[in-house]
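Some notes on the structure that comes next.
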Amino acid sequence: RVKRAGGGHSPFEPQQDGRSSSQVERLSALHRAIERDELRLYYQPKVNAQSRVVVAHEALLRWVRPSGMVSPLDFIPLAESSGLIVPIGRWVLREAVDVLRTGRLQEVCVNVSALELRQADYVDHLRSLLEESRVAPRQLWLELTESSLLEPRFISVLQELKALGVRTAMDDFGNGYSSLMALVSLPIQMVKIDRSFIAGVGEETPDEVRALEVVRGIVALATAYGLPTVAEGVETLEQANLLTKVGCTDLQGYFFGRPEPLP
Ligand code: C2E
Ligand code: CA
Ligand code: CA
Ligand code: CA
(Lines give C-alpha, C1' and ligand atoms only; values in the text may rest on other atoms or scores of the structure.)
(Ligands and ions follow the chains in the order given, each with its own letter.)
Protein backbone atom coordinates (compact mmCIF):
# COMPACT_ATOMS: atom_id res chain seq x y z
CA ARG A 1 0.00 0.00 0.00
CA VAL A 2 1.25 3.49 -0.78
CA LYS A 3 2.10 5.38 2.36
CA ARG A 4 1.93 9.11 2.25
CA ALA A 5 5.39 10.56 2.87
CA GLY A 6 5.92 10.98 6.59
CA GLY A 7 8.51 12.76 8.73
CA GLY A 8 10.63 15.73 7.71
CA HIS A 9 9.22 18.63 5.81
CA SER A 10 7.90 17.21 2.61
CA PRO A 11 6.38 19.87 0.41
CA PHE A 12 3.68 17.28 -0.22
CA GLU A 13 2.60 17.30 3.41
CA PRO A 14 1.08 20.11 5.47
CA GLN A 15 3.72 21.96 7.52
CA GLN A 16 3.69 21.92 11.32
CA ASP A 17 1.90 25.26 11.32
CA GLY A 18 -0.79 23.63 9.21
CA ARG A 19 0.12 25.76 6.20
CA SER A 20 0.42 23.75 3.02
CA SER A 21 3.37 24.27 0.71
CA SER A 22 3.06 26.62 -2.18
CA GLN A 23 2.59 25.40 -5.69
CA VAL A 24 6.13 26.61 -6.47
CA GLU A 25 7.66 24.58 -3.61
CA ARG A 26 5.75 21.50 -4.67
CA LEU A 27 6.71 21.96 -8.29
CA SER A 28 10.42 22.35 -7.55
CA ALA A 29 10.28 19.24 -5.34
CA LEU A 30 8.80 17.30 -8.27
CA HIS A 31 11.51 18.66 -10.60
CA ARG A 32 14.18 17.49 -8.13
CA ALA A 33 12.50 14.08 -7.92
CA ILE A 34 12.92 13.62 -11.65
CA GLU A 35 16.55 14.78 -11.55
CA ARG A 36 17.31 12.49 -8.62
CA ASP A 37 15.71 9.53 -10.34
CA GLU A 38 13.17 9.05 -7.57
CA LEU A 39 10.29 7.93 -9.80
CA ARG A 40 9.63 4.20 -10.04
CA LEU A 41 7.09 1.96 -11.71
CA TYR A 42 5.25 -0.63 -9.67
CA TYR A 43 3.32 -3.37 -11.47
CA GLN A 44 -0.06 -4.81 -10.51
CA PRO A 45 -1.26 -8.07 -12.11
CA LYS A 46 -4.49 -8.45 -14.06
CA VAL A 47 -5.95 -11.95 -14.36
CA ASN A 48 -8.37 -13.65 -16.74
CA ALA A 49 -11.62 -14.05 -14.79
CA GLN A 50 -12.28 -17.65 -15.91
CA SER A 51 -8.80 -19.13 -15.57
CA ARG A 52 -7.39 -16.66 -12.97
CA VAL A 53 -4.15 -16.74 -14.98
CA VAL A 54 -2.18 -13.46 -15.08
CA VAL A 55 -2.60 -11.88 -18.52
CA ALA A 56 -1.02 -8.43 -18.06
CA HIS A 57 0.37 -5.96 -15.53
CA GLU A 58 -0.58 -2.31 -15.00
CA ALA A 59 2.33 0.09 -14.49
CA LEU A 60 1.67 2.52 -11.61
CA LEU A 61 3.93 5.46 -10.84
CA ARG A 62 5.56 5.79 -7.44
CA TRP A 63 7.68 8.60 -6.10
CA VAL A 64 10.09 6.99 -3.68
CA ARG A 65 11.50 9.57 -1.28
CA PRO A 66 13.93 8.91 1.56
CA SER A 67 11.08 9.92 3.90
CA GLY A 68 8.53 7.57 2.31
CA MET A 69 6.42 7.11 -0.75
CA VAL A 70 4.30 9.82 -2.35
CA SER A 71 1.08 8.60 -3.95
CA PRO A 72 0.50 9.46 -7.61
CA LEU A 73 -2.80 10.97 -6.51
CA ASP A 74 -0.68 13.62 -4.73
CA PHE A 75 1.57 14.56 -7.63
CA ILE A 76 -0.13 13.62 -10.92
CA PRO A 77 -2.49 16.64 -10.76
CA LEU A 78 0.51 18.97 -10.29
CA ALA A 79 2.42 17.17 -13.04
CA GLU A 80 -0.58 17.65 -15.31
CA SER A 81 -1.17 21.32 -14.55
CA SER A 82 2.54 22.15 -14.94
CA GLY A 83 3.09 20.11 -18.10
CA LEU A 84 5.69 17.94 -16.35
CA ILE A 85 3.47 14.95 -17.07
CA VAL A 86 4.76 15.01 -20.66
CA PRO A 87 8.41 14.16 -19.83
CA ILE A 88 7.23 11.93 -16.97
CA GLY A 89 4.88 10.08 -19.34
CA ARG A 90 7.72 9.59 -21.83
CA TRP A 91 9.87 8.13 -19.09
CA VAL A 92 7.00 5.81 -18.08
CA LEU A 93 6.59 4.60 -21.68
CA ARG A 94 10.34 4.06 -22.09
CA GLU A 95 10.49 2.05 -18.83
CA ALA A 96 7.44 -0.05 -19.69
CA VAL A 97 8.68 -0.79 -23.21
CA ASP A 98 12.06 -1.77 -21.78
CA VAL A 99 10.37 -4.23 -19.41
CA LEU A 100 8.66 -5.76 -22.46
CA ARG A 101 11.86 -5.71 -24.53
CA THR A 102 13.75 -7.65 -21.88
CA GLY A 103 10.91 -10.17 -21.52
CA ARG A 104 10.33 -9.40 -17.84
CA LEU A 105 6.58 -9.08 -18.52
CA GLN A 106 4.41 -10.22 -21.43
CA GLU A 107 1.85 -7.39 -21.53
CA VAL A 108 1.90 -4.01 -19.81
CA CYS A 109 -0.88 -1.42 -19.36
CA VAL A 110 0.26 2.20 -19.02
CA ASN A 111 -1.82 5.14 -17.76
CA VAL A 112 -1.80 8.11 -20.10
CA SER A 113 -2.98 11.65 -19.39
CA ALA A 114 -4.93 13.71 -21.90
CA LEU A 115 -2.08 16.22 -22.02
CA GLU A 116 0.32 13.54 -23.26
CA LEU A 117 -2.10 12.51 -25.97
CA ARG A 118 -2.38 16.13 -27.08
CA GLN A 119 1.31 16.16 -28.08
CA ALA A 120 1.27 16.20 -31.86
CA ASP A 121 4.08 13.62 -32.03
CA TYR A 122 2.66 11.23 -29.42
CA VAL A 123 1.92 8.34 -31.78
CA ASP A 124 5.12 8.83 -33.83
CA HIS A 125 7.18 8.85 -30.65
CA LEU A 126 5.51 5.66 -29.45
CA ARG A 127 5.94 4.00 -32.84
CA SER A 128 9.69 4.66 -32.94
CA LEU A 129 10.07 3.56 -29.32
CA LEU A 130 8.43 0.22 -30.15
CA GLU A 131 10.39 -0.20 -33.39
CA GLU A 132 13.76 0.57 -31.79
CA SER A 133 13.13 -1.95 -29.04
CA ARG A 134 11.48 -4.51 -31.34
CA VAL A 135 8.52 -4.82 -29.01
CA ALA A 136 5.24 -6.03 -30.54
CA PRO A 137 2.65 -3.23 -30.24
CA ARG A 138 0.11 -5.80 -29.03
CA GLN A 139 2.09 -6.17 -25.82
CA LEU A 140 1.29 -2.60 -24.82
CA TRP A 141 -2.04 -1.22 -23.60
CA LEU A 142 -2.78 2.45 -22.97
CA GLU A 143 -5.35 3.31 -20.28
CA LEU A 144 -7.18 6.56 -20.93
CA THR A 145 -9.85 8.10 -18.76
CA GLU A 146 -13.27 8.81 -20.08
CA SER A 147 -12.93 12.55 -19.70
CA SER A 148 -9.91 12.63 -22.00
CA LEU A 149 -11.51 10.29 -24.49
CA LEU A 150 -14.40 12.65 -24.90
CA GLU A 151 -12.25 15.25 -26.66
CA PRO A 152 -13.41 14.86 -30.25
CA ARG A 153 -9.93 15.23 -31.75
CA PHE A 154 -8.72 12.17 -29.86
CA ILE A 155 -10.76 9.92 -32.12
CA SER A 156 -8.11 10.20 -34.83
CA VAL A 157 -5.35 9.53 -32.26
CA LEU A 158 -7.22 6.41 -31.14
CA GLN A 159 -7.50 5.32 -34.76
CA GLU A 160 -3.75 5.83 -35.29
CA LEU A 161 -2.99 3.81 -32.16
CA LYS A 162 -5.30 1.07 -33.37
CA ALA A 163 -3.57 1.05 -36.76
CA LEU A 164 -0.22 0.83 -34.98
CA GLY A 165 -1.50 -2.18 -33.04
CA VAL A 166 -1.29 -0.65 -29.57
CA ARG A 167 -4.55 -1.32 -27.73
CA THR A 168 -6.43 1.19 -25.61
CA ALA A 169 -8.70 0.80 -22.60
CA MET A 170 -11.20 3.27 -21.22
CA ASP A 171 -10.21 3.65 -17.57
CA ASP A 172 -12.55 4.46 -14.67
CA PHE A 173 -15.65 3.75 -16.73
CA GLY A 174 -18.78 4.98 -15.02
CA ASN A 175 -16.96 7.52 -12.84
CA GLY A 176 -17.83 11.10 -13.62
CA TYR A 177 -18.45 12.02 -17.20
CA SER A 178 -20.02 8.71 -18.16
CA SER A 179 -21.03 8.46 -21.70
CA LEU A 180 -22.53 5.29 -23.01
CA MET A 181 -22.15 6.77 -26.50
CA ALA A 182 -18.39 7.04 -25.98
CA LEU A 183 -18.28 3.44 -24.87
CA VAL A 184 -19.94 2.15 -27.99
CA SER A 185 -18.61 4.61 -30.57
CA LEU A 186 -14.90 5.04 -29.80
CA PRO A 187 -12.25 2.79 -31.37
CA ILE A 188 -11.12 1.30 -28.03
CA GLN A 189 -10.43 -2.34 -27.16
CA MET A 190 -11.26 -2.65 -23.45
CA VAL A 191 -13.48 -1.13 -20.78
CA LYS A 192 -12.18 -0.81 -17.24
CA ILE A 193 -15.09 -0.63 -14.80
CA ASP A 194 -14.48 1.93 -12.07
CA ARG A 195 -13.54 0.68 -8.64
CA SER A 196 -16.42 2.56 -7.03
CA PHE A 197 -18.86 0.03 -8.49
CA ILE A 198 -16.71 -2.96 -7.58
CA ALA A 199 -16.44 -1.80 -3.96
CA GLY A 200 -20.20 -2.25 -3.55
CA VAL A 201 -20.19 -5.80 -4.92
CA GLY A 202 -20.44 -8.58 -2.35
CA GLU A 203 -21.16 -6.36 0.61
CA GLU A 204 -24.00 -7.44 2.84
CA THR A 205 -25.91 -4.22 2.28
CA PRO A 206 -29.01 -3.34 0.30
CA ASP A 207 -26.67 -1.67 -2.21
CA GLU A 208 -25.05 -4.97 -3.05
CA VAL A 209 -27.58 -6.05 -5.60
CA ARG A 210 -27.59 -2.65 -7.27
CA ALA A 211 -23.79 -2.45 -7.55
CA LEU A 212 -23.69 -5.90 -9.10
CA GLU A 213 -26.59 -5.05 -11.41
CA VAL A 214 -24.80 -1.91 -12.61
CA VAL A 215 -21.72 -3.98 -13.39
CA ARG A 216 -23.89 -6.58 -15.13
CA GLY A 217 -25.40 -3.80 -17.25
CA ILE A 218 -22.03 -2.34 -18.24
CA VAL A 219 -20.70 -5.79 -19.10
CA ALA A 220 -23.79 -6.59 -21.19
CA LEU A 221 -23.50 -3.34 -23.14
CA ALA A 222 -19.74 -3.71 -23.67
CA THR A 223 -20.10 -7.33 -24.69
CA ALA A 224 -22.83 -6.44 -27.19
CA TYR A 225 -20.28 -4.16 -28.85
CA GLY A 226 -17.53 -6.76 -28.72
CA LEU A 227 -15.56 -5.05 -25.95
CA PRO A 228 -13.92 -7.06 -23.18
CA THR A 229 -14.23 -5.69 -19.64
CA VAL A 230 -11.96 -5.58 -16.62
CA ALA A 231 -13.12 -4.99 -13.06
CA GLU A 232 -10.59 -2.98 -11.02
CA GLY A 233 -10.29 -2.93 -7.24
CA VAL A 234 -11.28 -6.56 -6.63
CA GLU A 235 -10.45 -7.19 -2.98
CA THR A 236 -12.26 -10.43 -2.06
CA LEU A 237 -12.84 -13.90 -3.45
CA GLU A 238 -16.58 -13.29 -3.25
CA GLN A 239 -16.27 -10.20 -5.46
CA ALA A 240 -14.07 -12.12 -7.89
CA ASN A 241 -16.63 -14.91 -8.19
CA LEU A 242 -19.64 -12.59 -8.56
CA LEU A 243 -17.82 -10.51 -11.20
CA THR A 244 -16.85 -13.65 -13.08
CA LYS A 245 -20.50 -14.76 -12.99
CA VAL A 246 -21.74 -11.50 -14.54
CA GLY A 247 -19.22 -11.92 -17.34
CA CYS A 248 -16.24 -9.65 -16.65
CA THR A 249 -13.37 -10.73 -18.90
CA ASP A 250 -10.51 -9.81 -16.56
CA LEU A 251 -10.10 -8.96 -12.87
CA GLN A 252 -7.59 -6.77 -11.06
CA GLY A 253 -7.20 -5.77 -7.43
CA TYR A 254 -5.50 -6.41 -4.12
CA PHE A 255 -7.11 -9.88 -3.93
CA PHE A 256 -4.89 -10.96 -6.85
CA GLY A 257 -1.90 -8.79 -6.09
CA ARG A 258 -0.83 -5.33 -5.03
CA PRO A 259 1.36 -3.11 -7.17
CA GLU A 260 4.97 -4.24 -6.59
CA PRO A 261 8.35 -3.30 -8.01
CA LEU A 262 9.81 -5.86 -10.40
CA PRO A 263 12.54 -8.00 -8.84
P1 C2E B 1 -5.97 4.15 -11.72
O2 C2E B 1 -5.40 4.11 -13.10
O3 C2E B 1 -7.44 4.04 -11.61
O4 C2E B 1 -5.22 3.00 -10.94
C5 C2E B 1 -5.83 2.16 -9.99
C6 C2E B 1 -5.52 2.59 -8.59
O7 C2E B 1 -6.19 1.74 -7.66
C8 C2E B 1 -4.05 2.48 -8.22
O9 C2E B 1 -3.77 3.53 -7.31
C10 C2E B 1 -3.97 1.13 -7.53
O11 C2E B 1 -2.86 1.00 -6.67
C12 C2E B 1 -5.27 1.12 -6.79
N13 C2E B 1 -5.77 -0.23 -6.53
C14 C2E B 1 -5.54 -1.36 -7.25
N15 C2E B 1 -6.20 -2.41 -6.72
C16 C2E B 1 -6.88 -1.93 -5.65
C17 C2E B 1 -7.76 -2.55 -4.69
O18 C2E B 1 -8.05 -3.74 -4.72
N19 C2E B 1 -8.28 -1.73 -3.73
C20 C2E B 1 -7.98 -0.41 -3.66
N21 C2E B 1 -8.53 0.30 -2.65
N22 C2E B 1 -7.16 0.20 -4.55
C23 C2E B 1 -6.62 -0.55 -5.54
P24 C2E B 1 -2.46 4.38 -7.41
O25 C2E B 1 -1.32 3.49 -7.77
O26 C2E B 1 -2.36 5.20 -6.17
O27 C2E B 1 -2.72 5.33 -8.65
C28 C2E B 1 -3.69 6.33 -8.60
C29 C2E B 1 -3.93 6.94 -9.94
O30 C2E B 1 -2.79 7.68 -10.39
C31 C2E B 1 -4.19 5.94 -11.06
O32 C2E B 1 -5.53 5.50 -10.97
C33 C2E B 1 -3.88 6.76 -12.29
O34 C2E B 1 -4.99 7.55 -12.64
C35 C2E B 1 -2.78 7.67 -11.78
N36 C2E B 1 -1.48 7.16 -12.28
C37 C2E B 1 -0.70 6.19 -11.75
N38 C2E B 1 0.40 5.99 -12.50
C39 C2E B 1 0.30 6.86 -13.55
C40 C2E B 1 1.14 7.14 -14.70
O41 C2E B 1 2.18 6.51 -14.96
N42 C2E B 1 0.70 8.13 -15.55
C43 C2E B 1 -0.47 8.81 -15.34
N44 C2E B 1 -0.80 9.77 -16.23
N45 C2E B 1 -1.26 8.55 -14.29
C46 C2E B 1 -0.89 7.60 -13.41
CA1 CA C 1 -5.46 2.71 -14.77
CA1 CA D 1 -8.98 3.05 -12.88
CA1 CA E 1 -8.52 6.62 -11.48
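The values are calculated or read from the model by the stated rules, or taken from the named source; none is laboratory data. Computed from a predicted structure; not experimentally measured. Please note: Cβ atoms are built from the backbone with ideal geometry, for glycine as well, and neighbour counts cover all protein chains shown. What goes into the accessible areas is simple: the full protein's heavy atoms, side chains included, and nothing from ligands, DNA or RNA. Shrake-Rupley method; radii C 1.70, N 1.55, O 1.52, S 1.80 Å.
Before moving on, here are some points about what is shown:
- Tally of residues being open to solvent by less than 20 Å² (accessible area, probe 1.4 Å) and within 19 Å of Gly217 (Cβ to Cβ) across the range 247-263: 3
- Matching residues in the range 209-245 - criterion: being in a loop (DSSP other than H, G, I, E, B), out of contact with any Phe, Trp or Tyr (no Cβ under 8 Å at 6 or more places or on another chain) and open to solvent by 20 Å² or more (accessible area, probe 1.4 Å): Tyr225, Gly226, Pro228, Glu232
- Leading residue by the ranking (farthest from ligand 2 (Cβ to nearest atom)) among those in the range 43-84 that are open to solvent by 20 Å² or more (accessible area, probe 1.4 Å) and small (Gly, Ala, Ser): Ser67
- Annotation note: Cβ proximity below 7 Å between a residue of the range 191-203 that is in a loop (DSSP other than H, G, I, E, B) and a residue that is more than 11 Å from ligand 3 (Cβ to nearest atom) and at pLDDT below 90 (sequence gap 6+ or interchain) occurs for Gly200/Asp207; Gly200/Glu208; Gly200/Ala211; Val201/Glu208; Val201/Ala211; Gly202/Glu208.
- Filter result for Thr145 (on the phi < 0 side of the Ramachandran plot, surrounded by 18 or more Cβ atoms within 10 Å (Cβ to Cβ) and modelled with pLDDT under 95): yes
- The sole residue among Arg138, Arg104 that is touching a Leu at 6+ places or on another chain (Cβ under 9 Å) and either more than 16 Å from ligand 1 (Cβ to nearest atom) or open to solvent by 50 Å² or more (accessible area, probe 1.4 Å) (or both) is Arg104.
- If the condition is being more than 24 Å from Lys46 (Cβ to Cβ) and within 16 Å of ligand 4 (Cβ to nearest atom), then the range 128-176 contributes only Leu150.
- Residue count, the range 224-263 (criterion: in contact (Cβ under 8 Å) with a residue 12 or more places away in the chain, under 22 Å from the mean Cα position of the chain (by Cα) and more than 19 Å from Trp141 (Cβ to Cβ)): 11
- Against the conditions (1) open to solvent by less than 20 Å² (accessible area, probe 1.4 Å); (2) at pLDDT 95 or above, Gly202 satisfies every one except (2).
- Any hit, the range 231-238, residues being more than 15 Å from ligand 1 (Cβ to nearest atom) and not polar (S, T, N, Q): no
- Restricting the range 15-35 to residues that are surrounded by 11 or more Cβ atoms within 10 Å (Cβ to Cβ) and more than 14 Å from Leu84 (Cβ to Cβ) leaves a set whose member that is modelled with the highest pLDDT is Glu25.
- No other residue among Arg62, Arg36 is within 15 Å of the chain's Cα centre (by Cα) and either more than 13 Å from ligand 1 (Cβ to nearest atom) or in contact (Cβ under 8 Å) with a residue 12 or more places away in the chain (or both) apart from Arg62.
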